Structures are given as structure tokens and as C-alpha cells.
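What follows is calculated from the coordinates using simple rules that are stated; it is not laboratory data. In this text the structure is predicted, and so the values were computed from the model without any measurement. Note that each Cβ is placed from the backbone with ideal geometry, even for glycine, and that neighbours are counted across all protein chains shown.
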Amino acid sequence: MVAKIIDGNAVARQVREECAAITRDLKSRGVTPGLAVIIVGDNAASKVYVANKVKACTEVGLHSTVYAFPADTPDTEVEAEIHRLNADPQVHGILVQLPLPAHFDARRVVAAVSRDKDVDGFHLYNVGALVQGETLFPPCTPFGVQKMLEYENIPVEGQNVVVVGASNIVGKPMALMLMQKDATVVICHAKTRDLAQFTILADILVVAAGKPNLILPQMVRTGAVVIDVGINRLPNGKLAGDVDFEGVRQKASYISPVPGGVGPMTVTMLVHNTVQSALRSVSPMHSPAS
């Protein structure tokens with residue numbers, strides 16, 4: 001068996017085309033979806049991520065504005081800008097690029113974003129609402145994984161799912177989202193003993209641990225679906241996931257590559273959430289998480 005590779009770029013293109021169609025309709029009604037991105041400091045990686053997000057918005061037809069602050073800006077000044085953007089009807093999504101400088105209370109700054117414009121899905125309301133399946137905006141990376149499974153018509157209901165990694169950004173929300181689809185979910189993390197005893201039982205294995213080649217072929221059940229969320233920079237400069245791609249590919253039925261798998265989906269779902277927020281502004285009964 002050689003696994004089918006899940007092409008994240010192809011899934012992202014399909015989602016972006018759907019977003020572009022909705023955006024054209026909204027513009028015909030006088031509404032242009034708008035995203036505000038706040039970045040503080042000179043973190044090189046953050047600048048790249050922000051540039052990619054702005055590019056994706058432009059391609060779909062959204063209006064995006066970057067609000068850049070020096071690293072020594074008081075956090076109260078950034079919060080004041082967020083409150084101004086909360087009240088701006090032309091802004092449908094607000095993103096605070098992390099990490100913030102050390103003197104910032106990052107949790108408080110993120111919490112300043114209105115839940116109705118929290119397109120990153122990090123507001124306490126949206127995180128808490130995941131438990132009931134009523135979040136306005138699912139976190140972008142796990143939402144992207146969900147879309148990839150849907151794209152390949154991979155059933156989730158009744159499946160044994162193992163999520164490796166228990167972060168607030170990926171692991172925990174991923175587990176909650178899959179539970180809402182009636183999967184049986186186990187979360188493993190850095191302190192899990194004998195990780196393989198859990199991963200070998202997975203029909204669907206989602207790995208977001210941040211450790212290259214953590215998952216080896218002998219840890220994966222034959223025919224399993226393997227989604228690699230990890231992005232690691234190796235000493236030679238190349239990118240690698242958390243899964244031994246070539247080895248596991250010989251056992252899995254589906255596998256996502258790194259790069260070109262989950263990565264493109266994260267930015268795409270940010271665009272999706274922003275478009276859905278704009279749609280909700282003209283159709284209040286519309287549910288963004290779709």
C-alpha cells in the first residue's frame with residue numbers, strides 16, 4: 001500500500017475559489033470583506049506570515065490593512081487600536097500576530113478583539129464555544145485539517161482518532177472539532193508514556209507535536225489516515241513534519257506532506273473566516289463556521 005497524498009494546495013485553491021465567489025457577491029451588495037492585521041516588533045518570521053496573509057486576502061478580493069507597531073509600544077496603545085477596529089464596520093476580521101514582545105500581556109491583548117471579529121479563533125468565547133460546537137470562528141489550523149478530510153471524503157464518524165499534541169492552537173481544538181463529528185478521540189502529549197500504543201490504534205492520526213520524525217512506520221496502523229501538522233526546520237535548512245513521510249507513506253491510506261499539506265490551509269481558513277464574518281454582517285442569522 002502506498003498512501004494517497006492529500007494536496008493541501010489543491011484544497012486551499014478550492015476553498016479560496018469559494019471565498020472569491022462569496023466576496024464578489026458581497027461587493028455587489030456594497031460590502032468588501034476587510035481584515036486588519038496587527039504586528040508588533042520586528043520578528044522576521046512574523047513578517048513573512050503577515051505578508052502571506054495579506055497576499056491571500058488580495059488574491060480573493062478582500063481588503064487588508066497591516067497595523068505595525070514598534071517593539072517598545074505600550075500594550076495599552078495596541079489595545080486602544082484594537083478597540084477602534086472593533087467599532088469599524090469596514091473591518092470584519094482582526095488578527096493579532098503572535099508572538100508579541102515580552103512586556104505584553106498577550107492573553108489580554110487577544111481578548112480585546114471582539115468575538116465577532118476574532119477570525120483567528122483565539123478569543124475565549126470562540127475557544128469555549130467549541131465544547132458545544134457553536135463557535136463563531138474555529139481556529140484556522142484545525143479547521144483546515146477538517147476541510148482536508150472533507151475534501152478527500154474521509155469519514156470521521158465512529159472513527160478512532162489520535163491527536164498527538166495538546167496545544168491550545170491545534171491539539172485541543174482539533175480534538176473538540178472531531179468529537180463534534182462523532183469521532184472517538186484520544187489526545188497524546190509530551191508526557192504520554194509509550195506513545196506507540198495509542199497511535200497504532202488510530203484510524204485517523206493527527207500529529208502536531210513540533211518534533212521531526214516523531215511518528216515512525218511501526219507506530220502507524222496499516223491503512224490509517226495520517227495528517228502531519230508539524231513544521232520543523234532541519235539543520236540543513238529543509239522543512240520537515242513530525243512524521244517520517246517516506247516510511248509512513250508505505251503503510252497509510254492517506255497522508256499529508258510537509259510542506260504543501262496543512263500549511264496552505266491555515267492561511268486559507270483565515271480568509272474563509274473573514275469572508276464568513278463579512279457575510280454574517282449582512283445576514284446576521286448566517287453561521288460562519290461552515
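The region of the chain that goes longest without hitting one of the trypsin sites (Lys or Arg not before Pro) in a DSSP loop, each with at most 16 other Cβ atoms within 10 Å, is 30-190. Averaging 1/r across all pairs of distinct Cα atoms in region 29-117 and inverting the result yields a Kirkwood radius of 13.4 Å.
Across all directions, the shadow cast by the convex hull of the chain built on its C-alpha atoms averages 15.0 square nanometres.
Springs join every pair of Cα atoms under 10 Å in this Gaussian network model of the chain, and among Ser28, Ser277, Ser64 the largest mean-square fluctuation is at Ser28. With both labels modelled 7 Å from their Cα along Cα-to-Cβ, the Gln132 to Ala106 distance reads 2.9 nm. Note on the chain: GNM, Cα springs under 10 Å; of Asp194, Asp228, Asp242, the largest mean-square fluctuation is that of Asp194. Label sites at Glu18 and Leu239, each approximated as a point 7 angstrom past Cα along Cα to Cβ, lie 2.3 nm apart. In this simple spin-label model, placing a label point 7 Å from the Cα along the Cα-to-Cβ direction at both Tyr67 and Ser28 gives a separation of 3.3 nm. Cut-off 19 Å, label point 7 angstrom out along Cα-to-Cβ of Asn213: give me the residues of region 257-271 whose amide nitrogen falls inside. Inside the label zone: 257-259. Taking only the C-alpha atoms of region 209-287, the Rg (one decimal) and the largest Cα-Cα distance, Dmax (whole number), read 17.0, 52 Å.
What whole-number distance in Å separates the alpha-carbon centres of region 202-241 and region 49-63? Centre-to-centre distance over Cα atoms comes out at 28 Å. Think of it as helices only: each DSSP H run of n ≥ 4 in the chain is worth -39500 (n - 2.57), and spread over all residues that comes to -12000 deg cm²/dmol at 222 nm. Phi angles across region 161-170 convert, under the Karplus curve 6.51 cos²θ - 1.76 cosθ + 1.60 with θ = phi - 60°, into 3J(HN,Hα) values of 10, 10, 9, 9, x, 10, 6, 6, 8, 10 Hz, Gly and Pro given as x.
With neighbour counts taken as other beta-carbon atoms within 10 Å, the residues His189, His92 rank, fewest first, as His189, His92.
Cross-linked pairs Lys4/Lys147; Lys147/Lys181; Lys53/Lys181; Lys53/Lys117; Lys211/Lys251: Cα-Cα separations exceed 19 Å for Lys53/Lys181; Lys211/Lys251.
Centroid-to-centroid, using Cα positions, region 70-141 and region 153-196 are 25 Å apart. Note on the chain: GNM, Cα springs under 10 Å; of Ala183, Ala166, Ala71, the largest mean-square fluctuation is that of Ala71. Dimensions of region 139-263 from C-alpha coordinates, computed as largest minus smallest value along each principal axis and given longest first, are 41, 30, 29 Å.
Within the shell of other residues whose beta carbon sits under 14 angstrom from the beta carbon of Asp120, the net charge comes to +2, with Lys and Arg scored +1 and Asp and Glu -1. Value of Rg to Rh for region 49-167, rounded to two decimals, is 1.01; Kirkwood radius and Rg both from alpha-carbon coordinates.
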